[in-house]
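Worksheet: the structure to be examined is printed underneath.
The values are calculated or read from the model by the stated rules, or taken from the named source; none is laboratory data. Nothing here was measured: the structure is a model prediction, and the numbers come from that model. A quick note on method: Cβ atoms are made from the backbone with ideal geometry, for glycine too, and the neighbour counts reach across all protein chains shown. Remember, those area values only see protein heavy atoms, side chains included, never the ligands or the DNA or RNA. Shrake-Rupley method; radii C 1.70, N 1.55, O 1.52, S 1.80 Å.
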Amino acid sequence: MTSSAVSKNSLYESDTDLWGFNNFTDAAVNEGFFYDILTTTKPVGPTITYNDDEFINFASINILDLHQTKDVLEHFHAAADIYGLTTGGSRVTQGVCEAHKKMENHLCLLNGQERAISFASGLLANLGFINAMSCKFHFSETCEIDNSDAIFVLDRDCHWSLWKAASHLRFGQQLFSFKHNNPADLQKLLARLSAKHDKIVVVFESVYSADGSIAPMKELFDACEQYHALSYVDDANGFLIYGPQNRLFVNQFDQMKRATFKMVSFSKAVGMEGGAITGPEKYIHAFEVLSGTSLFTAAIQPPTASTIDYIMYKLTAQPEIMDTYLSRSLDLRQRLAERKLQLNEDPSYIISVLIGQDEKAVKVYEEFLEEKMIVPMFRYPAVRPDHALIRIMLNAHHTEEQINRFVDVLCRLQKKYSF
């Protein structure tokens, strides 16, 4: 190594100390806030493989594991032959791929809305939405828009991507929050805000990812409509999972037709990367430019967009796929409830087990790793201090043997750490 290289590396190390990354990273790993990122070497599903070491996986959000089924793989390969692997540019500069257009039109039919726009991820959809709804542009004397005075009201437990999207807004002036799933608190806040502001957007989720809670949608929409506020529902965790009459929470999800905008993520039920927003024609058309996250970054890969469309048709035509999954998930929840574990109140497919103390949760997580299981653990700042929990999402292809082993290990740890 040359002296100049040594000098350069020393400078980088000095800079790292100056910026605080050395101490932060060491402390974060030592205290269990995060760990070295492992490298997977095979498709992720009910199991996950690091090099040649296989773990039972309860961390995957791809709950149906459809990406490994023969018909889905064949469709993806055929779509790659037709459309290629990349869009090659922005929708605005060169047009939208047919695969995306078909998928977006299909999504409009499913959501009962006029127009859709897709993004490379649900996170980019959320960022793009709040950017578009709060922006100010002056293209010409006749082509301009100014919504820099818009007010956004978010459920306190909204996803990080929504809070990040709104971080340029001053809290207490343009950005407000209401207590989680509390329509009365929202109504009180809207009564005060609507007296001074005309442009208000209320943002909440259908199913919350940390605790699996279901939004009281009727009451939330009632409040929005009473005070003439637009509504944006992040349906990332509910899309194509809840809604049909034979499934839980049908009364809540029947209200979704009242939403002004709906955001969906394709990573849960569909099991592919990407997200989209549906809503009124003129708004969504403008989002092509005003979102920024459509104009200045790549879209979903064309064969992925086509496969999303295929899977949406598949789940609609074969509802038993999701019905069976939800039934098995409820069975697992019942087994855990019978063992007196502290579970989230709403019986959704997201099962949260309260551990409590953050330090205790780290030990539980590490013991699951020793048992060759990946079980996601949420602790502060994801949840309140000493309200740590593990979040379980059953995979459709988990075997009964794998589920039994998980329950046995969890119950052993419950007794050992008293949670």
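When the residues of region 363-373 are filtered to those that are of a type in the set (Asp, Glu) and either part of a helix (DSSP H, G or I) or in contact with a Cys (Cβ under 7 Å, 6 or more places away or on another chain) (or both), which remaining residue is most open to solvent (accessible area, probe 1.4 Å)?
Ranking the candidates gives Glu370 first.
Output yes when any residue across region 395-410 is closer than 16 Å to Gly32 by Cα and open to solvent by less than 10 Å² (accessible area, probe 1.4 Å), and no when none is.
No, the conditions are met nowhere in region 395-410.
Which ones in region 284-312 are surrounded by 20 or more Cβ atoms within 10 Å (Cβ to Cβ), out of contact with any Cys (no Cβ under 6 Å at 6 or more places or on another chain) and not in a loop (DSSP other than H, G, I, E, B)?
Ile284, Phe287, Pro303, Thr304, Ala305, Ser306, Thr307, Ile308, Asp309, Tyr310, Ile311, Met312
Can you spot a residue in region 252-263 that is buried (at least 24 other Cβ atoms within 10 Å of the Cβ) and of a type in the set (A, V, I, L, M)?
yes
Are any of the residues in region 190-210 assigned to a helix (DSSP H, G or I), out of contact with any helix residue (DSSP H, G or I) (no Cβ under 8 Å at 6 or more places or on another chain) and open to solvent by 20 Å² or more (accessible area, probe 1.4 Å)?
yes
Please tell me if Leu190 is more than 26 Å from Leu389 (Cβ to Cβ) and either among the basic types (Lys, Arg) or without any contact (Cβ under 8 Å) to a residue 60 or more places away in the chain (or both).
Answer is yes for this residue.
Within region 41-56, count every residue that is among the hydroxyl-bearing types (Ser, Thr, Tyr) and open to solvent by 60 Å² or more (accessible area, probe 1.4 Å).
The total comes to 1.
Determine if region 227-236 includes at least one residue that is over 19 Å from the mean Cα position of the chain (by Cα), among the hydroxyl-bearing types (Ser, Thr, Tyr) and open to solvent by 10 Å² or more (accessible area, probe 1.4 Å).
yes
Somewhere in region 66-76, is a residue loosely packed, with under 11 Cβ neighbours inside 10 Å, modelled with pLDDT of 95 or more and not hydroxyl-bearing (Ser, Thr, Tyr)?
Yes; the residues of region 66-76 include at least one that is loosely packed, with under 11 Cβ neighbours inside 10 Å, modelled with pLDDT of 95 or more and not hydroxyl-bearing (Ser, Thr, Tyr).
Which condition from (1) surrounded by fewer than 18 Cβ atoms within 10 Å (Cβ to Cβ); (2) over 17 Å from Val264 (Cβ atoms); (3) of a type in the set (D, E, K, R) is the one that Lys102 breaks?
(2) is the only condition that Lys102 fails.
Select, from Ser167, Ser213, Ser148, the only residue that is closer than 18 Å to Met256 by Cβ, out of contact with any helix residue (DSSP H, G or I) (no Cβ under 9 Å at 6 or more places or on another chain), among the small types (Gly, Ala, Ser) and modelled with pLDDT of 95 or more.
Unique residue meeting the criteria: Ser213.
Considering only residues that are in contact with a strand residue (DSSP E or B) (Cβ under 8 Å, 6 or more places away or on another chain) and open to solvent by 80 Å² or more (accessible area, probe 1.4 Å), which ones fall in region 374-385?
Tyr380
Can you pull out the residues in region 122-142 that are open to solvent by 40 Å² or more (accessible area, probe 1.4 Å) and either touching a Phe, Trp or Tyr at 6+ places or on another chain (Cβ under 8 Å) or of a type in the set (Ser, Thr, Tyr) (or both)?
Within region 122-142, Ser140, Thr142 meet the criteria.
Which of (1) in contact (Cβ under 8 Å) with a residue 12 or more places away in the chain; (2) open to solvent by 30 Å² or more (accessible area, probe 1.4 Å) is the odd one out, the single condition Leu169 does not satisfy?
Going through the list (1) in contact (Cβ under 8 Å) with a residue 12 or more places away in the chain; (2) open to solvent by 30 Å² or more (accessible area, probe 1.4 Å), Leu169 breaks only (2).
Being over 23 Å from Asp211 (Cβ atoms), touching a helix residue (DSSP H, G or I) at 6+ places or on another chain (Cβ under 9 Å) and part of a loop (DSSP other than H, G, I, E, B) is the filter here, so list the residues in region 374-419 that pass it.
Matches in region 374-419: His397 only.
So is Pro244 touching a strand residue (DSSP E or B) at 6+ places or on another chain (Cβ under 9 Å), touching a residue at least 40 places away in the same chain (Cβ under 8 Å) and surrounded by fewer than 21 Cβ atoms within 10 Å (Cβ to Cβ) or not?
It is false that Pro244 is touching a strand residue (DSSP E or B) at 6+ places or on another chain (Cβ under 9 Å), touching a residue at least 40 places away in the same chain (Cβ under 8 Å) and surrounded by fewer than 21 Cβ atoms within 10 Å (Cβ to Cβ).
Scan region 21-30 residue by residue and report those that are open to solvent by less than 100 Å² (accessible area, probe 1.4 Å) and not hydrophobic (A, V, I, L, M, F, W, C).
Asn22, Thr25, Asp26
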